[in-house]
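The values are calculated or read from the model by the stated rules, or taken from the named source; none is laboratory data. Computed from a prediction, not measured in an experiment: that's the story for all the values here. Here the Cβ positions follow ideal geometry from the backbone for every residue, glycine too, while neighbour counts run over all protein chains shown. Side chains included, ligands, DNA and RNA excluded: accessible areas come from the protein's heavy atoms. Shrake-Rupley method; radii C 1.70, N 1.55, O 1.52, S 1.80 Å.
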Amino acid sequence: MRRRKSALFFLLLGIILSALTIVLNIGWILLNLREVALLVFGVIFFAIIITGLILNTIFLLREIRRNEQHDAFLNAVTHELKTPIASIKLYLETLRSRELTPEKRLEFYNIMLADNERLLGTVEQVLLASRAREKQKLMTLAEVNVGETLQRTIDTVRAQRHLDESTIRLTAPPQPVKILGDGNELETAFTNLLDNAIKYSPGEPKITIRLKSAASEAEVYIRDNGVGLARADLKRIFKRFYRIQNKTDAKGTGLGLPIDRSIIERHGGRIQAESKGVGKGSTFIINLPKL
Ligand code: ADP
């Protein structure tokens, strides 16, 4: 809130200063009509000042927005770390202080393991995001069958989330589509896109994945029937820490899509989002150069 106010202050300051400069400029023109050379010089000079002021204001606003996103990220990560730790603590205390049936014990162990997975997932995402900045990171390149990688990802996500067959559908051409890449990294990217498709589809998610083989590229379409995206957000969601408040209230760190983009770009590919608008589902399209 305070940041909003200061952003507004700087915006107003920028506007007032620009207006003042323009008034001064016009006044000067009127006073010095005859001294043309000075006039031209003055106009250029003021134009430079106005441009500087505008650039300055834009820069300040960007900085403020970035700071806001860092704060939101820290909050999200702290929450993502604290919740499972608190849950594990509670179950451990119960296990220590009460006599429980073997079934109950097993149930508690499974919950604690799931919490542990969640913790590891968050830590891994933060680590991956910082590593993604090192552009030169070495990849283990090998021939990757994209259809098989997608199927493996789907199987894992299905098992983890106990989804039935019809939630995620894959269509792929009969002949294998192959690229040169790092299978594990691609699996990380696909898993995150699938997780998002489920996370941001309240109610009953219906996800269709289509693999196509174009002349020189493999194309992957991951479509969901979820909350969709506003046109203005289609590009922004790939920025670090960028998150949208929507009705799913899903938790996250805003690091998944930037990691995905970095993985796809290191493979010489592209990733983009499409949506007909909020509430109308989203499609993520990945293009990768074929082998
Ligand atoms: P996180 O999911 O941790 O917030 P991501 O970088 O994966 O971070 O996603 C950034 C934002 O993009 C999300 O907060 C969400 O608002 C939006 N988003 C991502 N995937 C989808 C999707 N399939 N449908 C609608 N919105 C999405």
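By how many nm would the segment from Gln245 to Leu55 grow when fully extended, if each residue of separation counts as 0.36 nm and the alpha-carbon distance is taken off?
Value of the extension gain: 65.5 nm.
Could you give the length gained on full extension between Ile85 and Ala142, defined as 0.36 nm per residue of separation minus the Cα-Cα distance, in nm? It would help to have the intermediate numbers written out before the result.
On the way: separation 57, 0.36 × 57 = 20.52 nm, distance 3.82 nm.
Full extension from Ile85 to Ala142 adds 16.7 nm.
Among Leu24, Gln160, Pro102, whose Cα lies farthest out toward the positive end of the dipole of the chain, if unit charges sit on the beta carbon of Lys, Arg (+1) and Asp, Glu (-1)?
Leu24
Specify whether the C-alpha gyration tensor of segment 127-277 places it in the rounded, prolate or oblate class, a ≥ b ≥ c being the square roots of the eigenvalues: rounded for a/c under 1.5, otherwise prolate if a/b is larger than b/c and oblate if not.
oblate
Place a point 7 Å from the Cα of Thr208 along the Cα-to-Cβ direction; which residues of segment 258-278 have their backbone N under 16 Å from it?
Flagged as within label range: 274-276.
Kyte-Doolittle cut-off 0.0, length cut-off 27 Å along the helix's own axis using Cα: show which whole DSSP H helices in the chain pass.
Membrane-span-like by this criterion, though nothing is claimed about a membrane: 2-31, 36-97.
With contacts defined as alpha carbon pairs under 8 Å and 6 or more residues apart, what's the relative contact order of segment 231-287 in percent?
Relative contact order here is 29 percent.
Across the chain, where is the longest run that never hits GluC sites (Glu not before Pro) in a DSSP loop with at most 13 other C-beta atoms within 10 Å? Could the numbers behind the result be given before it?
Working: sites that count: Glu35, Glu99, Glu134.
With GluC sites (Glu not before Pro) excluded where exposed in loops, the chain gives 135-291 as its longest stretch.
Modelling each spin label as a point 7 Å along the Cα-to-Cβ direction, I'd like the Ala19/Arg62 distance in nm, to one decimal.
So the two model labels end up 2.6 nm from each other.
Just tell me which aspartates and glutamates come within less than 16 Å, Cα to Cα, of Lys5; anything on the same chain fewer than 8 places away is out.
Straight-distance partners of Lys5: Glu63, Glu68.
Treat every Asp and Glu Cβ in segment 5-75 as -1 and every Lys and Arg Cβ as +1, leave all other atoms uncharged, and give the resulting dipole magnitude about the Cα centre to the nearest 20 debye.
Computed about the Cα centre, the dipole is about 60 debye.
Rounded to the nearest percent, how much of the accessible area of the chain (1.4 Å probe, protein heavy atoms only) is carbon and sulfur?
On the way: 11070 of 18540 Å².
Heavy-atom surface of the chain belonging to carbon and sulfur, 1.4 Å probe: 60 percent.
In debye to the nearest 20, how big a dipole does the chain give about its Cα centre with +1 on each Lys and Arg Cβ and -1 on each Asp and Glu Cβ?
Around 820 debye, computed over the chain.
So for the pair Leu127, Leu95, with labels modelled 7 Å out along Cα→Cβ, what separation do we get in nm?
Going by the 7 Å Cα→Cβ label model, 2.3 nm.
Pull out a ≥ b ≥ c, the square roots of the eigenvalues of the alpha-carbon gyration tensor of segment 1-127, then state rounded if a/c is under 1.5, prolate if not and a/b is larger than b/c, and oblate in the remaining case. Working shown, then result.
Working: a/c = 11.05, a/b = 5.25, b/c = 2.11.
Prolate, because a/c is 1.5 or more and a/b exceeds b/c.
With unit charges on the beta carbon (Lys/Arg positive, Asp/Glu negative), name the residue among Val146, Val43, Ala197 whose Cα is farthest towards the positive pole of the charge dipole of the chain.
Positive-end residue among those listed: Val43.
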